[in-house]
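Here the structure comes first, spelled out in C-alpha cells, and everything after it is commentary.
The values are calculated or read from the model by the stated rules, or taken from the named source; none is laboratory data. In this text the structure is predicted, and so the values were computed from the model without any measurement. Counting neighbours? That spans all protein chains shown, and the Cβs are built from the backbone with ideal geometry, glycine included. For the accessible areas, the whole protein counts, side chains as well, though only heavy atoms, and no ligand, DNA or RNA atoms are used. Shrake-Rupley method; radii C 1.70, N 1.55, O 1.52, S 1.80 Å.
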Amino acid sequence: MDDQEMRVDEHTLAVLGYVRLKDILRESAVSEPGRQVLDELRPLASLHDVFARLDRAREMRSLIELDGGPPLEELPDALPLLALAEKQGSILA
C-alpha cells in the first residue's frame with residue numbers, strides 16, 4: 001500500500017480503543033485474507049488518504065445496497081496457491 005501510515009505506539013492504540021475495534025471487525029471477517037488485512041491495518045497519516053478511503057467505503061456500501069454483496073463466504077483462500085506461484089521479482093501483467 002502506498003498510503004503513508006502514522007507511527008503510533010501500541011500502547012496509544014490500545015488506550016484509544018483501536019485494538020478493540022480491530023478485534024470487533026476481525027470477528028466479522030469472512031475470509032482469512034480479510035483477517036490478514038485487518039491484522040496489518042494501521043492509522044493513516046494523511047487526512048486526504050482518510051477521505052479517499054471513506055469515499056471508497058461509501059461507494060462499496062452503495063453497490064452492496066443496490067445489488068447485494070458478493071458471495072464472500074464461497075471464496076476459497078487463494079493465498080497458499082499464490083505463494084506457490086510467486087516468483088521473486090516477477091510481475092504479472
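Anything in the range 62-79 that is surrounded by 10 or more Cβ atoms within 10 Å (Cβ to Cβ) and either within 21 Å of Ser31 (Cα to Cα) or touching a residue at least 40 places away in the same chain (Cβ under 8 Å) (or both)? List them, or say none.
The answer is Leu63, Ile64, Gly69, Pro70, Leu72, Leu75, Asp77, Ala78, Leu79.
Taking the range 31-90 on its own, how many of its residues are of a type outside the set (Lys, Arg), touching a helix residue (DSSP H, G or I) at 6+ places or on another chain (Cβ under 9 Å) and closer than 19 Å to Val8 by Cβ?
Residues meeting the conditions: 6.
Could you grab me the full set of residues in the range 13-61 that are open to solvent by 50 Å² or more (accessible area, probe 1.4 Å), in a helix (DSSP H, G or I) and at pLDDT below 85?
Correct list: Ala14, Glu32.
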